[in-house]
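In what follows, a single structure is set out as structure tokens and then discussed.
The values are calculated or read from the model by the stated rules, or taken from the named source; none is laboratory data. Quick caveat: nothing in here was measured; it's all calculated off a predicted structure. Reconstructed Cβ throughout: ideal geometry from the backbone, glycine too, with neighbour counts over all protein chains shown.
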Amino acid sequence: MDSKPDEAAYNPLQEAVDILIAMRDKIADDANLTWSYYESADQLRRELDDCIDGVRRSDKEHISGLGLYFYPACDMQTISIDNGWSGDYIEFASRYDQLEPALSGSFSRFLN
């Protein structure tokens, strides 16, 4: 039996949401955000929640901005290093790197 996922059922937007939720779950109330733009864990989680909602709505602006969470030396990478989950962040970024082409073109049918 073939264990490959059904490509017809594959939804890159849901995969993006799953990555964002997993990343959001790493943000502790006492997260060290010293070297980031964010002033509090709540602010960061609210931003991620807004992005998750936007991706769920297939909003082009939110989808096109996802890369900002995964660029080298971005705030999220710094936050992950400062809070002991850099290995998980690398996994999230790798998943996003594989997903990004589907989001930017070949799955345009998912976008509003």
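Quick one: which of Ile21, Ile27 is without any contact (Cβ under 8 Å) to a residue 40 or more places away in the chain and of a type in the set (A, V, I, L, M)?
Only one candidate qualifies: Ile21.
Looking at Asp49, Asp29, Asp42, Asp18, which is the one that is modelled with pLDDT of 95 or more, within 18 Å of Ala93 (Cβ to Cβ) and surrounded by fewer than 17 Cβ atoms within 10 Å (Cβ to Cβ)?
It is Asp18.
Hey, can you tell me all the residues within region 52-82 that are among the aromatic types (Phe, Trp, Tyr) and modelled with pLDDT of 95 or more?
Of everything in region 52-82, those that are among the aromatic types (Phe, Trp, Tyr) and modelled with pLDDT of 95 or more turn out to be Tyr69, Phe70.
Identify the residue in region 52-81 that is over 12 Å from the mean Cα position of the chain (by Cα) and among the polar types (S, T, N, Q) and, among all such residues, is farthest from Ser94 (Cα to Cα).
Ser58
Restricting the first residue to region 78-100 and requiring it to be more than 12 Å from Ile27 (Cα to Cα) and among the charged types (D, E, K, R), which pairs with a second residue that is in a helix (DSSP H, G or I) and at pLDDT 95 or above meet a Cβ separation below 6 Å and a spacing of at least six or different chains?
That search, which allows pairs on different chains as well, returns Arg95/Ile19.
Looking only at residues that are farther than 17 Å from Thr78 by Cα and of a type in the set (S, T, N, Q) in region 90-105, which one is modelled with the lowest pLDDT?
Looking at the filtered set, the residue picked out is Ser104.
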